[in-house]
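Novice: Here you go, one structure.
Each value in this text was obtained by applying a stated rule to the coordinates, not by laboratory testing. Here the structure is a predicted model, which means the values were calculated and not measured. We place every Cβ from the backbone using ideal geometry, glycine too, and count neighbours over all the protein chains shown.
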Amino acid sequence: MDIQKFIDDNRAWTDQAFPGATAAGAMRHLKRECDEVIEALEQDRKLGTLTEMADCYLLLLNALSRADFTFESLHQMAVLKMEVNKKRTWGAVNAERFAEHVTK
């Protein structure tokens, strides 16, 4: 299935199922789902991790649609952002097991 069609189908369903939902609301929900992914990863639950990641993916795509962006626009921005990230200076991996770019 074409990714944009999938996004459009997801949006149509969520519009019907959750009237009044917004892009910001989907992102708030995504924050909660991210915690569930972290928990599944820390418990080494492979299927649970993938399931929770799918929830995150659906919410991100829904927020994207509700903010009037397309998948192509998100992908193009990600390509540009990756080039920015490659040029940044990064700190060491911290106690939470991720690194952040150095800010001036």
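Novice: If I take every Cα pair under 8 Å that is 6 or more residues apart in the chain, average their sequence separation and divide by the length, what percent do I get for the relative contact order?
Specialist: The value is 25 percent.
Novice: Could you line up 75, 29 from fewest to most neighbouring Cβ atoms inside 10 Å?
Specialist: Sorted ascending by nearby Cβ count, the order is 75, 29.
Novice: Past the 30 Å Cα-Cα mark, which pairs from 31/86; 5/86; 31/81; 5/104; 46/87?
Specialist: 5/86; 5/104; 46/87
Novice: Please state the charge dipole magnitude for region 3-70, taken about the Cα centre, from unit charges on C-beta atoms (+1 on K and R, -1 on D and E), reported in debye and rounded to the nearest 20.
Specialist: 180
Novice: Which of 7, 59, 41 sits farthest toward the positive end of the charge dipole of region 3-70, with +1 on the Cβ of Lys and Arg and -1 on the Cβ of Asp and Glu?
Specialist: Going by the charge dipole, the pick is 7.
Novice: Can you give the local net charge around residue 87? Use residues other than it whose beta-carbon is closer than 14 angstrom to its beta-carbon, Lys and Arg +1, Asp and Glu -1.
Specialist: Its environment carries a net charge of +3.
Novice: Further question: Kindly point out which whole DSSP H helices in the chain project their C-alpha atoms 24 angstrom or further along the helix axis while averaging a Kyte-Doolittle hydropathy of -1.0 or above.
Specialist: In the chain, the long hydrophobic H runs are 23-42, 46-66, 71-87.
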